[in-house]
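For reference, the structure discussed in these notes is given below.
The values are calculated or read from the model by the stated rules, or taken from the named source; none is laboratory data. None of these values were measured; they are calculated from a predicted model. Ideal geometry is used to build each Cβ from the backbone, glycine not excepted, and the neighbour counts take in all protein chains shown.
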Amino acid sequence: MQILADENIPLLDAFFGDIGTIRRMPGRAIKAADVTDADILLVRSVTRVDADLLSGSRVRFVGTATIGTDHIDESWLERNGIGFAAAPGSNADSVVEYVLSVLSVYAEERGIEDWTRLSVGIVGAGNVGGRLRQRLGKLGFSVRASDPPLADDGEDGLDDLDDVLTCDVITLHTPLTRTGDHATHHLLDRTRLATLNEQQLLINTSRGAVVDSEALRERMRQEAPPWLCLDVWEGEPETDPELAEAAWLMTPHIAGYSQEGKIQGTERIYQAVCRYFGLPVRKSSGQYMPEPPLSKLSFTASASTQEAARVAIRACYDVRCDDARFRSVLRRPVGEWSTGFDRLRQQYPIRREFDSVKIQLKSGAKDLQQVFKALGFKLKQK
Ligand SMILES: NC(=O)C1=CN([C@@H]2O[C@H](COP(=O)(O)OP(=O)(O)OC[C@H]3O[C@@H](n4cnc5c(N)ncnc54)[C@H](O)[C@@H]3O)[C@@H](O)[C@H]2O)C=CC1
Ligand SMILES: O=C(O)C(=O)[C@H](O)COP(=O)(O)O
């Protein structure tokens, strides 16, 4: 079988080497002429997969090693009998940990001694939002979440979007959808953005177009704008210079880029290919997960819970490093920004999830134990 794949999908040979001949291309460069002879197309979020790309090709299966599917015309694939799979959940913990890192830095910069005093509003309570809600709830934060599709399905405990927008921190975790009762395109529009103030932080790790960028630019120019953390950008890899200037933290769409997240993304589409073509599943992500560079952290009984949590979160992932790398790209001429955006993603440093690190504590340190468990670390008693 001929497999055409985005070169940024990790472990292509390890997972797909036995299944077919692999041809790699930069995802943004994949065009109709490239897919004509492919049986399987494997993409990430930067390849638009639709009739323009696939009509006339012999592609029988498309896999995207991502959670988001807004770049795929799924109904066209279905109408044309082409198999499809995404990678739901694969990098959800990575995004959750990105948000935890942002929260820890935000609390420190605002001089908030106890970060759990921040109320957090989650928009979209699926894999990412739901896991974030759970971790924050266990840590003792007051959390609100809005998710109309889940509410329609009878899920309790959800709030209206307008209530969620009154929280100290608002974090977006919806898919990007343009049709249906609960479409999210420009969900945060001019009216909703007008309700936010300088005591609030808005985090967007969903898709750039879930927020109306033009309205956001306007809001950031007005009195008392909210603090802003952007990982995703409407029109990326282009970066809006005015939003870049206004953002407190900014990163080039890497919230989901933990090593676990990326390898599990490949694993999910490998499993789907095997199912689709009736092949045995012989490989798993665990086989290929390298040893983490940091495996253990040890705290004495004298560590305060706040400080210990801060140290552990940032030892695993400090969002300020990604912010600094992105800002260094944006100091170059504007014409080089989009290639810089993609280069940062392609050459992303190794980042491991919290549960790759064992936390060693003195027995009896109950508060610390609870906090680390809630954050998602593994515990080891001394
Ligand atoms: N920045 C990054 O690196 C990453 C971004 N993402 C983005 O995050 C999105 C969410 O990921 P998951 O939680 O795994 O997806 P998911 O599908 O598990 O959950 C999404 C939730 O949003 C809800 N939702 C839909 N419309 C809504 C609306 N109008 N208002 C409120 N909630 C609504 C759905 O009912 C669902 O519960 C992905 O679709 C993707 O676009 C995902 C992974 C990495
Ligand atoms: O999984 C998703 O959805 C994401 O947003 C990915 O983390 C984005 O990664 P790329 O596909 O853009 O490499």
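Could you say which residue among 113, 97 is surrounded by fewer than 19 Cβ atoms within 10 Å (Cβ to Cβ) and not basic (Lys, Arg)? Spell out how you get there, then give the answer.
Working: 97 fails: surrounded by fewer than 19 Cβ atoms within 10 Å (Cβ to Cβ).
Of 113, 97, the one residue that is surrounded by fewer than 19 Cβ atoms within 10 Å (Cβ to Cβ) and not basic (Lys, Arg) is 113.
Just to be sure before I move on: is residue 183 farther than 29 Å from residue 72 by Cα and more than 14 Å from ligand 2 (Cβ to nearest atom) in the structure I sent?
Details: farther than 29 Å from residue 72 by Cα: no; more than 14 Å from ligand 2 (Cβ to nearest atom): yes.
The answer is no for residue 183.
So which residues in the stretch 1-18 are free of Cβ contacts under 8 Å to residues at least 40 places away in the same chain and of a type in the set (Asp, Glu), if there are any at all?
7, 13, listed by residue number.
Scanning for something within 16 Å of ligand 2 (Cβ to nearest atom), on the phi < 0 side of the Ramachandran plot and not hydrophobic (A, V, I, L, M, F, W, C), does the stretch 106-128 turn up at least one residue?
Yes, there is a match, as at least one residue in the stretch 106-128 is within 16 Å of ligand 2 (Cβ to nearest atom), on the phi < 0 side of the Ramachandran plot and not hydrophobic (A, V, I, L, M, F, W, C).
Among the residues of the stretch 245-288, what is the count of those that are away from ligand 1 (no atom under 13 Å from the Cβ) and assigned to a helix (DSSP H, G or I)?
Residues that pass the stated criteria total 19.
Looking only at residues in the stretch 31-43 that are within 14 Å of residue 3 (Cα to Cα) and of a type in the set (D, E, K, R), which one is farthest from ligand 2 (Cβ to nearest atom)?
Only one residue fits best here, namely 37.
With respect to the numbered conditions (1) surrounded by 20 or more Cβ atoms within 10 Å (Cβ to Cβ); (2) in contact (Cβ under 8 Å) with a residue 24 or more places away in the chain; (3) small (Gly, Ala, Ser), which one is the sole condition not fulfilled by residue 27?
Every condition holds for residue 27 apart from (2).
Any residue in the stretch 56-67 that is under 17 Å from residue 268 (Cα atoms) sitting within a Cβ distance under 7 Å of a residue that is more than 16 Å from ligand 2 (Cβ to nearest atom) and assigned to a loop (DSSP other than H, G, I, E, B)? List the pairs, counting only those 6 or more apart or interchain.
Going by the 7 Å Cβ cut-off, the qualifying pairs are 61/82; 62/82.
Output the qualifying pairs, or none if there are none: Cβ atoms under 6 angstrom, residues six or more apart or on different chains, first residue in the stretch 70-82 and assigned to a strand (DSSP E or B), second residue of a type in the set (A, V, I, L, M) and modelled with pLDDT of 95 or more.
Note: pairs meeting the criteria are 72/49.
When the stretch 75-94 is examined, which residues are found to be on the phi < 0 side of the Ramachandran plot and more than 14 Å from ligand 2 (Cβ to nearest atom)? Can you show your working first?
So the first thing to find is which residues in the stretch 75-94 are on the phi < 0 side of the Ramachandran plot, and the list is 75-80, 82-88, 90-94.
75, 76, 77, 78, 79, 80, 82, 83, 84, listed by residue number.
For the stretch 227-244, name all the residues that are among the acidic types (Asp, Glu), without any contact (Cβ under 8 Å) to a residue 40 or more places away in the chain and not in a helix (DSSP H, G or I).
Of all residues in the stretch 227-244, those among the acidic types (Asp, Glu) come to 231, 234, 236, 238, 240, 242.
When the remaining residues are screened for being without any contact (Cβ under 8 Å) to a residue 40 or more places away in the chain, the result is 234, 240, 242.
Once the filter is applied, which keeps residues that are among the acidic types (Asp, Glu), without any contact (Cβ under 8 Å) to a residue 40 or more places away in the chain and not in a helix (DSSP H, G or I), the stretch 227-244 yields 234, 240.
List, please: which pairs have Cβ atoms under 9 Å, are six or more places apart or on different chains, and start with a residue in the stretch 271-284 that is in contact (Cβ under 8 Å) with a residue 24 or more places away in the chain and end with one that is in a helix (DSSP H, G or I) and of a type in the set (Val, Ile, Thr)?
Pairs found: 279/273.
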